[in-house]
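These notes are about the structure you will find just below.
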Amino acid sequence: MIKWAGWIITLCGTAHTLGALTVEKAARHAGTWFSGGLWHEDLADMSPAGSAYWLSLGSFGIPLILVGMTVLWLDRRGITPPAFIAWALGGWTVVDAVVLPFTPWPLFALACALLLIGARRARRDNPAPKAGLPRT
């Protein structure tokens, strides 16, 4: 379950970033991005290059890739990812579902559920050792 969650998170982040760069043609603004064209950008009145940047490289896509890859890395080493990852992504998913209901938020909800179930099963199968005597 944890592995599936990690793949879902990674693939959604990758699809968002690559889709923005290619399908939405955000990459055509790369010259402006890397020449300092956004340094004095007004976020309340964004240029097309600024909007393209925040849709692609400045979006949540790359952090999601990193979170998903971290979950996969932990799983490969037999380490259960902490539940706060699922809870934080779950809260974000709820906000996303309310603000933009026609996004792939159900995939994130599935990933969060898989992470929470996987973490719960791991705790059940390998309970934490009891606290011992304090060290002196």
Query raised in the report: Can you tell me which of Ala20, Ala5, Ala15 is within 28 Å of Trp73 (Cβ to Cβ) and open to solvent by 50 Å² or more (accessible area, probe 1.4 Å)?
Result: Ala15
Requested in this report: Return the residue satisfying two criteria in turn: it lies in the stretch 38-53 and is among the small types (Gly, Ala, Ser) and under 23 Å from the mean Cα position of the chain (by Cα), and of such residues it is most open to solvent (accessible area, probe 1.4 Å).
Outcome: Ser51
Requested in this report: Please work out which one of (1) surrounded by 12 or more Cβ atoms within 10 Å (Cβ to Cβ); (2) at pLDDT 95 or above; (3) of a type in the set (Ser, Thr, Tyr) is the condition Ser35 fails and give its number.
Outcome: (1)
Query raised in the report: Applying the selection to the stretch 77-105, what residues are within 13 Å of the chain's Cα centre (by Cα) and open to solvent by less than 50 Å² (accessible area, probe 1.4 Å)?
Result: Ile85, Ala86, Leu89, Gly90, Gly91, Thr93, Asp96
Query raised in the report: Does the stretch 62-76 hold any residues that are more than 12 Å from Ile2 (Cα to Cα) and either modelled with pLDDT under 95 or open to solvent by 20 Å² or more (accessible area, probe 1.4 Å) (or both), and which are they?
Result: Ile62, Pro63, Ile65, Leu66, Val67
Report task. Could you check, for the stretch 124-136, whether at least one of its residues is under 19 Å from Ile2 (Cβ atoms) and part of a helix (DSSP H, G or I)? Result -> yes
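The values are calculated or read from the model by the stated rules, or taken from the named source; none is laboratory data. Since this is a predicted model, take the numbers as computed values, not measurements. Note that each Cβ is placed from the backbone with ideal geometry, even for glycine, and that neighbours are counted across all protein chains shown. In case anyone asks, the SASA skips ligands and DNA or RNA and just uses the protein heavy atoms, side chains included. Shrake-Rupley method; radii C 1.70, N 1.55, O 1.52, S 1.80 Å.
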